[in-house]
1. Only residues that are buried (at least 23 other Cβ atoms within 10 Å of the Cβ) and away from ligand 1 (no atom under 16 Å from the Cβ): list them for region 109-137, please.
2. Could you say which residue among 301, 266, 324 is crowded, with 19+ Cβ neighbours inside 10 Å and on the phi < 0 side of the Ramachandran plot?
3. Considering 42, 54, which residue is open to solvent by 20 Å² or more (accessible area, probe 1.4 Å), within 12 Å of ligand 2 (Cβ to nearest atom) and modelled with pLDDT of 95 or more?
4. Consider residue 87 carefully, then state whether it is in contact with a Lys or Arg (Cβ under 6 Å, 6 or more places away or on another chain) and either hydroxyl-bearing (Ser, Thr, Tyr) or away from ligand 2 (no atom under 15 Å from the Cβ) (or both).
5. Every residue in region 1-60 that is within 13 Å of ligand 1 (Cβ to nearest atom), aliphatic (A, V, I, L, M) and assigned to a helix (DSSP H, G or I), please.
6. If I filter region 210-218 for residues that are part of a helix (DSSP H, G or I), farther than 21 Å from residue 178 by Cα and acidic (Asp, Glu), do I get at least one hit?
7. Out of curiosity, is residue 171 open to solvent by 40 Å² or more (accessible area, probe 1.4 Å), among the hydrophobic types (A, V, I, L, M, F, W, C), within 25 Å of residue 15 (Cβ to Cβ) and touching a helix residue (DSSP H, G or I) at 6+ places or on another chain (Cβ under 8 Å)?
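The values are calculated or read from the model by the stated rules, or taken from the named source; none is laboratory data. A quick note: this is a predicted structure, and the numbers were derived from the prediction, not measured. All Cβ positions, even for glycine, are placed from backbone atoms using ideal geometry, and neighbour counts span all protein chains on display. All accessible areas refer to the heavy atoms of the entire protein, side chains included, with ligands and DNA or RNA removed. Shrake-Rupley method; radii C 1.70, N 1.55, O 1.52, S 1.80 Å.
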Amino acid sequence: MTRVFSGIQPTGEIHLGNYLGALRNWQKMQHECDAVYCIVDLHALTVPQDPKELHAATLRMAQLLLATGIDPEKATMFVQSHVREHTEGGWLMETTVSFGELRRMTQFKDKSERADFISAGLFTYPALQAADILLHDTEEVPVGEDQKQHIEITRDIAERFNSRYGETFVLPKAVIPKTGARVMDLQNPENKMSKSAESPQGLVKLLEPLKSIEKKFKRAVTDTETEVRYDPAAKPGVSNLLSILAAVTDGDPHELAKGYTQYGPLKTDTAEAVVEAIRPIQARYEELANDPAETARLLGLGADKAREVAARTIARAKKNLGLLEG
Ligand code: ATP
Ligand code: LTN
């Protein structure tokens, strides 16, 4: 089975875009691949965090992943800081990557322009990400388009390390899932749905009250025509509804369009389908939120599984580097 690895930062509220674009796919992949999912709390530290909030957000992310159907018996799901080998691997990567390579990363350019405090960790972020991926003998990394550059640099690091010190790491490649819709803002359908949305009305959060989700869909921006057609360039609002409906029902947006002659029923049906998809997730989330001990147990299980593989890889890397056994 193909070994896949993906990571998600614990901070920021999860929205329908994250769910349909990434997490739903994570849930599906665990049945087809040897999947490893990591909540990257150390990456979150590249910008200053409030300790209480980081603590709560990490727990919340774990519970949300479990609630969306990640099964810790099938997939390996763990918190990055629980497996020390990731930090250790990060240093080995930092000494293999060059300053120039890191300087070319567009995410660093974007984030550092917006930050008041630019930590050294923000600059070396891709080295830690490379450790995440390489420690687990990863073959494929399912990520959004924005992360492609980080996977390419990981591959370059692995190749350099292998050629300097001998075969150590598996070379990973990025896979950009074709399925998994790009969800647009319900009020500004030209923009992708994002936690930093201009208006809260355009953003559907996974943990918001179902009634409020329903209302947001009913007030979604469409256009002044009446024809229901899947055409994202000409009809972004209507097409967004169709692609959301298609994503939650595993259908096809062009086919679904044929079933509607008016916008009203399309909005109602999309609202209902989304609410019905989110309802069991919220219910399971509530159960887990009331039982933090169970979440901790499952995370412990995940960390044990992750450590086993990561420790083996780190030992191999250290040996090949000529570091003395301790
Ligand atoms: P945001 O704009 O909300 O900050 P992001 O891209 O920064 O979103 P991340 O936490 O970096 O979100 O990403 C989590 C995952 O969710 C990534 O795989 C990303 O591609 C996916 N994702 C985020 N927004 C959307 C969206 N609107 N449609 C589809 N997928 C999305
Ligand atoms: N940088 C990624 C999160 C991330 C990741 C990873 C993704 C950290 N380590 C390893 C894939 C594989 C992001 O910001 N979405």
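1. Scanning region 109-137 gives 127, 130, 131, 134, 135, 136.
2. Working: 301 fails: crowded, with 19+ Cβ neighbours inside 10 Å; 324 fails: crowded, with 19+ Cβ neighbours inside 10 Å.
Residue meeting the stated conditions: 266.
3. Numbers: 54 fails: within 12 Å of ligand 2 (Cβ to nearest atom).
Checking each option against the conditions leaves just 42.
4. Here the answer is no, as residue 87 does not meet what is asked.
5. Answer for region 1-60, where residues must be within 13 Å of ligand 1 (Cβ to nearest atom), aliphatic (A, V, I, L, M) and assigned to a helix (DSSP H, G or I): 16, 20, 22, 23, 29, 44, 57.
6. yes
7. On the way: open to solvent by 40 Å² or more (accessible area, probe 1.4 Å): yes; among the hydrophobic types (A, V, I, L, M, F, W, C): yes; within 25 Å of residue 15 (Cβ to Cβ): no; touching a helix residue (DSSP H, G or I) at 6+ places or on another chain (Cβ under 8 Å): yes.
Answer is no for this residue.
Matching residues to (1) touching a strand residue (DSSP E or B) at 6+ places or on another chain (Cβ under 8 Å); (2) within 23 Å of residue 174 (Cα to Cα); (3) not charged (D, E, K, R):
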{"site": "10", "(1), (2), (3)": "yes, yes, yes"}
{"site": "36", "(1), (2), (3)": "yes, yes, yes"}
{"site": "42", "(1), (2), (3)": "no, yes, yes"}
{"site": "49", "(1), (2), (3)": "no, no, yes"}
{"site": "56", "(1), (2), (3)": "no, no, yes"}
{"site": "84", "(1), (2), (3)": "no, no, no"}
{"site": "90", "(1), (2), (3)": "no, yes, yes"}
{"site": "96", "(1), (2), (3)": "no, yes, yes"}
{"site": "111", "(1), (2), (3)": "no, yes, no"}
